[in-house]
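The values are calculated or read from the model by the stated rules, or taken from the named source; none is laboratory data. For clarity, every value in this text was computed on a predicted model and none was experimentally measured. Every residue, glycine as well, gets a Cβ built from its backbone with ideal geometry; the counts of neighbours run over all protein chains shown.
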Amino acid sequence: MFVHEAMANALAASGVDTMFGLIGDANLFFTNAFVEAEGGRYISAVHEASAVMMAQGYALRSGRLGVATVTQGPGLTNTATALIDTVRNNVPLMLITGDTAPSNTHNQQSLDQALFVEATGAGYVHVGQPAEAVPALRAAIAQAVAQRRPVVVNCPTEFAWEMVDADDRAVDASEPVPAPPDELLDQAVGMIATARRPLVVAGHGATPPEQRDAVLDFAQRIGAPIATTFRARNLYTAAEGSVGICGTLTTDAGAPAITDSDCVIVFGSSLNTWTTAHRTLFNDKAVIYVDAEAARVERPNAPVDVAIHGDAAQTARTFIKWLDAGEVPPTGFRQRVCAGIRDVDLRFDADLGDTLTLAGVLSELNRSLPTQRTVVWDGGRFLGEALKYIYGPDYRSEVLATAFGAVGLGMGAAIGAACAAGGEPTVFITGDGGFMMNGLAELNSAVRASLPLIVVICNDGSYGAEYDQYVHKSVSPALSLFDWPSFASVAHAMGADGVTVSSIADVPAAVAAARARVCPLVIDVVLDPGDIPEVAH
Ligand SMILES: Cc1ncc(C[n+]2csc(CCOP(=O)(O)OP(=O)(O)O)c2C)c(N)n1
């Protein structure tokens, strides 16, 4: 086979059936072979950053490896922000690219690609000669899955038409986390045994079924309520002892369990600023931190008393075994704080009311859309309301595209998630600024792929986050204000459907359009920049 054929063949043989990308010299033949010879599904993005975000959204929604391909030089550098976001979001993703020939220094697109990739924090696998292309691809898959991060495969463009042997063996991506040392486990079990009001916090690292169940067994064993991070929202039900989200999105019903606890055992969370309410929430408590990512355990984002590098399931089971051996009885904290809490008490909901508010419109959409939907968020001030009032049925159906604090990455993630969601509607919540940055262009990709996408633009005609800062300092907000075109009209012009909501009277038509949608739909919710509650920083 030619190298480009062998790579496409190995990709398909490893179970990849969907790839996102944008073609150029380095990947056009490989991409064609993936579609023509391997029957793969290829979604072309309008910008390379979106191709990577599509693969990220696909990976998060499906629980599988995300795969994207871009061309050399500028194709690769266009992915910078999305690659960093994928690193920060711990998403297994492979990005296949090429490189100009080392001898061809006159090629405008030449670049030290290894240096560029290193700066993003992604892994990098270079193909030194044609025969290494398929082994490199297989190694990159294993590395991306085991390390839960993006890995870039760089196969020099000049190798594409060299002949090599095919290799379609399956890839073994298992890389078990080593068992933690006994002294640390002993220290942790000592703290758990003396805790009177223990709380378990489960994050994204506790979401695979084995980890989820072991953490639940552990919480039950010690009589602890379970809170989750935002990324693990809805992992447990109220009947299983869930008290909802820990941090800035905690509801009134869930708050006592968190504030009254004296010992917090955290599994698989980055302990970010929202989970810890700006590093304040656990200050008066003993904190035991268990995470499979060595770098996070070495430098936790918030103060912890014991940090254990370990797998959530394995560590939770060891805790149970040692507590059983010591005949430590469960506490009664869980029964006390969870009595009477229902799932509905752990969620936010707002009435539509008489005047148009973001909370009211999003709640109305939330109540009206089918339960089986995927929800994706871009970044911006609107997030404070949008994360509360619209949600998916479980942690896998929610994708937050802001791990690097960028705006404008969400539309790619929404398209990728929609590709993985098997025909369910995908609701993408964005600000007007973020939509103009990338969303508008990629609306074309959504139309081309006929995706069941509902884009809700929280349109305050401003960069709202900056608007707030100007107003707080009594500076004119003029530079943050924009007179955008009518998004509904633009949507129509691009082959999508579009409705404008500028008063309460417009809401029923928007909800009806969302329910009846036959092509991508844009709902432009027009609000005053002074009327949006601030996002919690
Ligand atoms: C790539 C990038 N550029 C700029 C910023 C700075 N920034 C943060 S929020 C924001 C406003 C985004 O406006 P919009 O999408 O309308 O959301 P809003 O804040 O109005 O709700 C900007 C420009 C950023 N976070 N990321």
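Pull up region 508-537, narrow it to residues that are within 25 Å of the chain's Cα centre (by Cα) and modelled with pLDDT under 95, then point me to the one that is surrounded by the fewest Cβ atoms within 10 Å (Cβ to Cβ). Among those residues, the one meeting the criterion is HIS537. Here's a check for you: in region 248-299, which residue that is charged (D, E, K, R) and not in a loop (DSSP other than H, G, I, E, B) is modelled with the lowest pLDDT? Once the filter is applied, the top-ranked residue is ARG296.
Please specify each residue of region 402-422 satisfying the condition of being within 10 Å of the ligand (Cβ to nearest atom) and farther than 23 Å from SER368 by Cα. THR402, PHE404, GLY405, ALA406, VAL407, GLY408, LEU409, listed by residue number.
Counting the residues of region 369-388 that are farther than 22 Å from ALA55 by Cα, more than 8 Å from the ligand (Cβ to nearest atom) and crowded, with 23+ Cβ neighbours inside 10 Å gives 3. Within the option set ALA414, ALA359, ALA401, being among the small types (Gly, Ala, Ser) and either surrounded by fewer than 24 Cβ atoms within 10 Å (Cβ to Cβ) or free of Cβ contacts under 8 Å to residues at least 24 places away in the same chain (or both) holds for one residue only, ALA359.
To keep it simple, each residue is scored yes or no on (1) at pLDDT below 95; (2) in contact with a strand residue (DSSP E or B) (Cβ under 7 Å, 6 or more places away or on another chain); (3) among the aromatic types (Phe, Trp, Tyr).
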residue	(1), (2), (3)
TRP322	no, no, yes
ALA325	no, no, no
ILE341	no, yes, no
GLY353	yes, no, no
SER363	no, no, no
THR371	yes, no, no
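In region 423-436, the residues that are within 6 Å of the ligand (Cβ to nearest atom) reach residues that are among the polar types (S, T, N, Q) with C-beta atoms within less than 6 angstrom, at least six apart or across chains, in these pairs: ASP432/ASN459. Of all residues in region 478-522, exactly one satisfies the criterion of being of a type in the set (Lys, Arg) and either part of a helix (DSSP H, G or I) or on the phi > 0 side of the Ramachandran plot (or both), namely ARG515.
Residues that are of a type outside the set (A, V, I, L, M), over 18 Å from ASP432 (Cβ atoms) and in contact with a Ser or Thr (Cβ under 7 Å, 6 or more places away or on another chain) within region 374-388 comprise just one, THR374. Scanning region 371-386 for residues being under 13 Å from the mean Cα position of the chain (by Cα) and either charged (D, E, K, R) or over 17 Å from ARG61 (Cα atoms) (or both) gives a total of 2.
Within region 19-36, the set of residues being surrounded by fewer than 15 Cβ atoms within 10 Å (Cβ to Cβ) and under 24 Å from ALA441 (Cβ atoms) comprises just one member, VAL35. Among the residues of region 355-381, those identified as assigned to a helix (DSSP H, G or I) and not charged (D, E, K, R) are LEU358, ALA359, GLY360, VAL361, LEU362, SER363, LEU365, ASN366, SER368. So how many residues does region 234-247 have that are assigned to a loop (DSSP other than H, G, I, E, B) and surrounded by fewer than 21 Cβ atoms within 10 Å (Cβ to Cβ)? Number of matching residues: 2.
Filtering VAL447, VAL475, VAL399 for residues that are modelled with pLDDT of 95 or more, of a type outside the set (Asp, Glu) and either part of a loop (DSSP other than H, G, I, E, B) or within 16 Å of the ligand (Cβ to nearest atom) (or both) leaves a single hit, VAL475.
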